[in-house]
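The values are calculated or read from the model by the stated rules, or taken from the named source; none is laboratory data. Keep in mind the model is a prediction, meaning the values are calculated, not measured. Note: ideal-geometry Cβ built from the backbone for every residue, glycine included; neighbour counts use all protein chains shown.
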Amino acid sequence: MRVFIGVWPSKAVEEAVDSLGRPQVAGLRWTTADQWHVTLRFCGEVPDGDVDRLAESLRVGLAGQGPVEATLGPATARFGRSGILHVPVVGLDNVNDYYDPTLKRRRLTRS
């Protein structure tokens with residue numbers, strides 16, 4: 001299964017983004033708030049049996065971390081040839097401390 005690690009924006013962020021204009025742009029399809037997320041890391045192919053362990057490792061590794069502040073923007077951008085519109089986000093890098101992509105089965109580990 002292709003897996004990525006992501007977080008959902010707070011209600012306040014959803015409302016702020018939702019209040020922005022959405023002009024008609026050729027080749028662009030606007031999504032709804034229930035599809036909005038911040039992708040933190042692509043994990044690639046993960047065996048189905050490891051997905052639950054991956055999620056549990058994240059829950060354990062990030063438990064007690066408390067809220068973080070992330071910054072959106074300041075502008076939108078598009079990914080390569082796909083033209084997918086995105087809003088760059090900074091401030092959520094701490095999750096990388098709990099993911100070791102060199103492990104053969106791509107399981108999370110505490111450093």
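For segment 31-50, a residue qualifies if it is under 25 Å from Gly91 (Cα atoms) and either in contact with a Cys (Cβ under 6 Å, 6 or more places away or on another chain) or not in a strand (DSSP E or B) (or both), and the qualifying residues are Thr31, Thr32, Ala33, Asp34, Gln35, Trp36, His37. Among the residues of segment 1-29, just one is among the charged types (D, E, K, R), at pLDDT 85 or above and farther than 16 Å from Leu72 by Cα, namely Arg2. Within segment 60-104, the set of residues being exposed (fewer than 10 other Cβ atoms within 10 Å of the Cβ), at pLDDT below 80 and closer than 26 Å to Val25 by Cα comprises Phe79, Gly80, Arg81, Ser82. Residue pairs whose Cβ atoms lie under 8 Å apart, sitting 6 or more positions apart in sequence or on different chains, and linking a residue in segment 73-97 that is more than 13 Å from Thr39 (Cα to Cα) and among the small types (Gly, Ala, Ser) to a partner that is part of a strand (DSSP E or B) and at pLDDT 75 or above, are Ala77/Leu85; Ala77/His86. Checked against the criteria, Arg53 counts as among the basic types (Lys, Arg), over 16 Å from Gly6 (Cβ atoms) and either part of a loop (DSSP other than H, G, I, E, B) or modelled with pLDDT under 85 (or both). Whether a residue is loosely packed, with under 11 Cβ neighbours inside 10 Å, within 19 Å of Arg2 (Cβ to Cβ), polar (S, T, N, Q) and at pLDDT 80 or above was assessed, and Gln35 passes this test.
Within segment 38-58, the set of residues being of a type in the set (Val, Ile, Thr) and surrounded by fewer than 15 Cβ atoms within 10 Å (Cβ to Cβ) comprises Thr39, Val51.
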